[in-house]
Amino acid sequence: MHIPDGFLDTKTWVTLAAVSTGAVATAVRQTNQKLGEKQVPLMGVMAAFVFAAQMLNFPVAGGTSGHFMGALLIAALLGPYSSILIMTVILLLQAFLFQDGGIMALGANIFNMGLVGGAGGYAVLFWLRHWLGEPRRKLALALAAWISIVLAAGAASLELAFSGTIPLGVVLPAMLSVHALIGIGEAIITVAVIGLLERVRPDLLDLEKV
């Protein structure tokens, strides 16, 4: 999911860098206006948890591996703007400290995992909760987590294809098939974490979403 440098052409990474910069600036304004005293430590905890969880890979088909993204989990707890900010911090640390994802491609990775995965996944979750109803809220959460991974993978595929790196007919089915399996792990972890919080800290689930 992390796109390295050299895989996107100039027009693509510059455009996505501009879009992501605008989205992050908006997220900063929104969180500054609405952030509460309980949300600040939870944002730090979630950033540390997702950062650590992304370092753990699990096997997928064909000898490949994937990792937890966590954008939907953050959005479900803290809202889409907080998800964008936390994913941005995580991706910055990964790019500069571990060379996981390119510096020039940072805007694209923030777009894919923060905007599409986090904010887009939150929109899907909002719709699914209304459609499925409160009794099926965990099903809605699992489906939204899975969809967030697939959407982010689809966005990365389109960017690679538009850059002329890999034909769309090759990259899209390859990325979607692998990340459809990765999404199952994403759904399991997301539901498990929310379920744990329901038992030990239900008050954290009632915070205003930012």
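Coordinate-derived values only; no laboratory data. If you're wondering where the values come from, they're calculated on a predicted model, not measured in any experiment. Neighbour counts are summed over all protein chains in view; Cβ atoms, including those assigned to glycine, are modelled from backbone coordinates with ideal geometry.
Some notes on this structure:
- Summary of packing: across the peptides 39-46, 78-85, the per-residue average of other C-beta atoms within 10 Å ranks them, highest first, as 78-85, 39-46.
- The H on the amide N of Gly66, modeled in the peptide plane, is under 5 Å from the matching H of Phe58, Val60, each at least 5 residues off or on a different chain.
- C-alpha long axis of helix 10-34 to longest principal axis of the chain, angle in °: 10 degrees
- Spin-label pair Met55-Trp127: with each label point 7 Å from Cα along the Cα-Cβ axis, the two points sit 3.7 nm from one another.
- For Leu158 and Asp203, a Förster radius of 41 Å and the Cβ-Cβ distance give a FRET efficiency of 0.55, rounded to the nearest 0.05.
- Among Arg29, Arg137, the order by Cβ neighbours within 10 angstrom, fewest to most, reads Arg29, Arg137.
- Amide H contacts under 5 Å for Asp100, placed H, 5+ residues apart: Ala95
- Hz values of 3J(HN,Hα) by residue in the stretch 113-123 - Karplus curve (6.51, -1.76, 1.60), Gly and Pro given as x: 8, x, 7, 6, x, x, 5, x, x, 5, 4
- Rounded to the nearest Hz, the phi-derived 3J(HN,Hα) couplings of the stretch 138-152 under the Karplus curve 6.51 cos²θ - 1.76 cosθ + 1.60 (θ = phi - 60°) are 6, 5, 4, 5, 5, 5, 5, 4, 5, 5, 4, 5, 5, 5, 5, where x marks glycine and proline.
- Partners for Lys34 among lysines (Cα-Cα distance below 16 Å; same-chain residues under 8 apart left out): Lys209
- Note that the stretch 99-104 has calculated 3J(HN,Hα) couplings of 6, 9, x, x, 6, 5 Hz, one per residue in order, obtained from phi through the Karplus relation 6.51 cos²θ - 1.76 cosθ + 1.60 (θ = phi - 60°); glycine and proline are x.
- Mean Cα-pair separation over length for the stretch 10-206, i.e. relative contact order, pairs under 8 Å, 6 or more apart, %: 23 percent
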